[in-house]
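Down below is the structure, laid out as C-alpha cells.
The values are calculated or read from the model by the stated rules, or taken from the named source; none is laboratory data. Computed from a predicted structure; not experimentally measured. With ideal geometry, Cβ positions are generated from the backbone for all residues, glycine too; neighbour counts draw on all protein chains shown.
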C-alpha cells in the first residue's frame, strides 16, 4: 500500500503540473518575457504626430510589402489582427492651452476648493525643487516642479478628471504642445478625492473646459496589439530587421501606417 502511495503521489503531481501548463498555453501564456507591440495609426493621430514641430519634414516611414512579411509571421499576424479591429474613439478631450491660462485656472480653482474644504489655497499645491534637470536649471535656477491637488471637477452633474496637474514653474518646455485634457471619471468620485462643482462658477477657462468636454469621443485613436512572449532569437530577428529596414519605428503597409515597438516584462 505504501509503495502504491509513493508511486501515485508523484504521478498526481506531474498530472497537475502538466494540466496547469496546458491550460496556460491554451490561454496564450508564454514562458518568455519579451514581445512585439504594434500600433495602427488613425488618420487623426498620424497627422497630430506628423505636425509636431520636431517631426515636421523629419519623419521617415518605411514601405513594406507582402514579400517583406514572408519571413515575419508574427508581424503579419499582428498586422492582420490590427486591421480586423475598429478604431476606438478618444476618451480624453484635448484643447490647446497656454501656460498662463493653465496657471491662472489652477490658482482660481484653488480658491474655490479652499472655500469648500476650509483650507488655505496654497495647501493644494506641492512644490518639489529637488533633482531638477540640468538643462532646465540652466534656463532658470529657480525652477521647480509644481503639482496641483485639484485633479477632478464636476460640470452639469457629470464628474471629470483634468490634466496636466504637474509641470515645471517657470514653464520651460514647448508650450505649443501643451494641452488641457479632460476625461469622464469611472464612477462617482470618492470622499478622498478633491473636487468642486464648476457648473455655476464664473471662470476665464470655462470655454476651454466646455470645448475639451465636447471633444470627448470625436476622434479615432490608434489600434494597439501585442504578441505574447517570444523566444530571444525571434526578438533579435525583429530588432535586427527594424534596424535594417527603417530609420525609426514607422512603416507603411497597403496604405496603412504602423508603429512597431518591443515590450519586456
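I'd like the residue in region 50-68 that is more than 22 Å from the chain's Cα centre (by Cα) and free of Cβ contacts under 8 Å to residues at least 40 places away in the same chain and, out of all such residues, is surrounded by the fewest Cβ atoms within 10 Å (Cβ to Cβ). The extreme case among them is 57.
Scanning region 173-213 for residues that are out of contact with any strand residue (DSSP E or B) (no Cβ under 7 Å at 6 or more places or on another chain) and in a helix (DSSP H, G or I) yields 175, 176, 177, 206, 207, 210.
For region 197-209, the criterion of a residue being more than 30 Å from residue 154 (Cα to Cα) and in contact with a helix residue (DSSP H, G or I) (Cβ under 8 Å, 6 or more places away or on another chain) is satisfied by no position. Taking helices (runs of 4 or more DSSP H) as the structural unit, those lying wholly within region 30-93 and holding at least 1 residues that are farther than 30 Å from residue 173 by Cα correspond to 66-69, 73-83.
With respect to the conditions (1) within 27 Å of residue 188 (Cα to Cα); (2) assigned to a helix (DSSP H, G or I), residue 136 falls short on a single one, namely (1).
Among the residues of region 85-95, at least one is farther than 25 Å from residue 187 by Cβ, within 23 Å of the chain's Cα centre (by Cα) and loosely packed, with under 12 Cβ neighbours inside 10 Å. The condition of being touching a helix residue (DSSP H, G or I) at 6+ places or on another chain (Cβ under 8 Å), crowded, with 17+ Cβ neighbours inside 10 Å and within 30 Å of residue 85 (Cβ to Cβ) does not hold for residue 249. When each of 259, 228 is tested for being under 19 Å from the mean Cα position of the chain (by Cα) and in the same structural domain as residue 36 (by TED's automatic domain parsing), the lone residue that passes is 259.
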